[in-house]
1. Which of the numbered conditions does Gln63 fail, given that it passes all the others? Conditions: (1) surrounded by fewer than 18 Cβ atoms within 10 Å (Cβ to Cβ); (2) at positive phi; (3) under 13 Å from the mean Cα position of the chain (by Cα); (4) not hydroxyl-bearing (Ser, Thr, Tyr).
2. Can you pull out every residue in region 80-94 that is part of a helix (DSSP H, G or I) and within 14 Å of the chain's Cα centre (by Cα)?
3. Just for region 123-135: of the residues that are under 11 Å from Gly159 (Cβ atoms) and touching a residue at least 24 places away in the same chain (Cβ under 8 Å), which one is surrounded by the most Cβ atoms within 10 Å (Cβ to Cβ)?
4. Read through the list (1) under 20 Å from the mean Cα position of the chain (by Cα); (2) among the charged types (D, E, K, R); (3) surrounded by fewer than 17 Cβ atoms within 10 Å (Cβ to Cβ), then give the number of the only condition that Arg234 fails.
5. Kindly indicate whether Ala69 is over 25 Å from Gly221 (Cα atoms), among the small types (Gly, Ala, Ser) and over 18 Å from the mean Cα position of the chain (by Cα).
6. Of everything in region 137-158, what is over 18 Å from the mean Cα position of the chain (by Cα) and on the phi < 0 side of the Ramachandran plot? Give them in sequence order.
7. Consider Asp189 carefully, then state whether it is touching a residue at least 12 places away in the same chain (Cβ under 8 Å), acidic (Asp, Glu) and in contact with a Ser or Thr (Cβ under 7 Å, 6 or more places away or on another chain).
8. Just to check your reading of the model, which residue among Val113, Val97, Val77, Val41 is assigned to a loop (DSSP other than H, G, I, E, B) and surrounded by 19 or more Cβ atoms within 10 Å (Cβ to Cβ)?
Amino acid sequence: MAKLLLDRWTGQLVPGCEGRALHLYGRSLRLRGDLRQDQGVLTGPLSARQSYRQAMAVFAELQSNRRVAQLELQLAVLDEMGGQLEAAARRYERLAVDDRLDARDRTRALLWVGTALSKAGEGAAAITFIRPAIQQFEALEEPQDWSVAYQKLALAYRGDGDLRQATAALDVALDHRPGDAPMQRVRLDTAHGHLLLSDPATADSGLKLLEGTATTSTEYGMMHQLQAITGIRRAYEQQA
C-alpha cells in the first residue's frame with residue numbers, strides 16, 4: 001500500500017515544477033528510494049539508486065547542499081549493501097567530516113565506516129570507528145542511533161573473535177531497543193541470532209530467532225534483510 005501511494009504521488013509531481021512543488025518532488029523521490037532500499041531493489045529501473053540519483057539532481061537544482069550530501073550518504077549505503085565494502089568505507093569516511101551534513105549525519109557516516117569494515121572482516125579496525133560514534137551519539141542525545149551503534153559494535157567484536165565483549169555490547173542494545181518498527185526489530189534480532197550461533201550452547205536459540213526474523217522480513221517485503229539472514233544460516237550450516 002505504501003509503495004502504491006508513493007508511486008501515485010511521485011507520478012503526479014513531474015520534473016519541471018518549481019519551488020515548493022519541486023522540493024516535494026525531491027522528497028518523494030528520496031522516500032521512494034528508501035522504500036526500494038528496504039525491499040532490496042538496489043539497482044536498475046525503479047531502484048533505490050535511480051530514485052536517489054533523481055532526488056539528488058532535484059536538490060542540486062534547488063541548491064540544497066545538505067540534502068545532496070544526505071543522498072550521497074544513502075548512495076554509499078547502497079554500495080555497502082551491494083558488497084562494495086571498500087568503496088563504501090571510503091565514501092563514509094569522507095562524509096564523516098563533510099560540513100554539508102549536520103552532526104548526527106556525520107556521526108552516522110562515522111559509524112558506517114565501522115559497519116563496512118566489520119562486514120569486510122576487519123573487526124579490530126571497525127571498532128576504532130564505532131566506539132567514537134557511540135560517544136558522539138551520546139553527546140548528541142540520540143538514543144536510537146546510540147543503541148544501533150552498540151548493535152554494530154557487538155557484530156564487530158564477534159568478527160574479531162571477542163564473544164565476551166560482543167555479548168556485553170549486544171546486551172546494551174537489547175536493553176535499549178531503538179524502536180518497535182519491523183525493520184528495527186529484524187535488524188536487532190538478526191544481530192542477536194547471529195551472535196547466538198557463535199556458541200554451540202545457544203545455537204539452537206539463534207536459529208529459532210533467525211527463523212522468526214526471516215518470517216517478519218518476508219511478511220514486510222524486506223528482501224535484503226531476508227538475503228542477509230539466509231546467508232548467516234547457510235554459513236552456519238556449512239561450518240556445523
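1. All conditions are met except number (3).
2. Glu80, Met81, Leu85, Ala88, Ala89, Tyr92
3. First pass over region 123-135, keeping only residues under 11 Å from Gly159 (Cβ atoms): 123-127.
Imposing the further condition that a residue be touching a residue at least 24 places away in the same chain (Cβ under 8 Å) reduces the set to 123-124, 126-127.
Numbers: Gly123: 22, Ala124: 14, Ala126: 27, Ile127: 22.
Per the stated criteria, the residue is Ala126.
4. Single failed check for Arg234: (1).
5. Values: over 25 Å from Gly221 (Cα atoms): yes; among the small types (Gly, Ala, Ser): yes; over 18 Å from the mean Cα position of the chain (by Cα): no.
In short, no.
6. Matches in region 137-158: Glu138, Ala139, Leu140, Tyr157, Arg158.
7. The answer is yes for Asp189.
8. Being assigned to a loop (DSSP other than H, G, I, E, B) and surrounded by 19 or more Cβ atoms within 10 Å (Cβ to Cβ) holds for just one of Val113, Val97, Val77, Val41, which is Val41.
A short reminder: the numbers here are calculations on the coordinates, not readings from a lab. Everything numeric here is computed off the predicted structure, so don't read it as measured data. Virtual Cβ from ideal backbone geometry, glycine too; neighbours counted across all protein chains shown.
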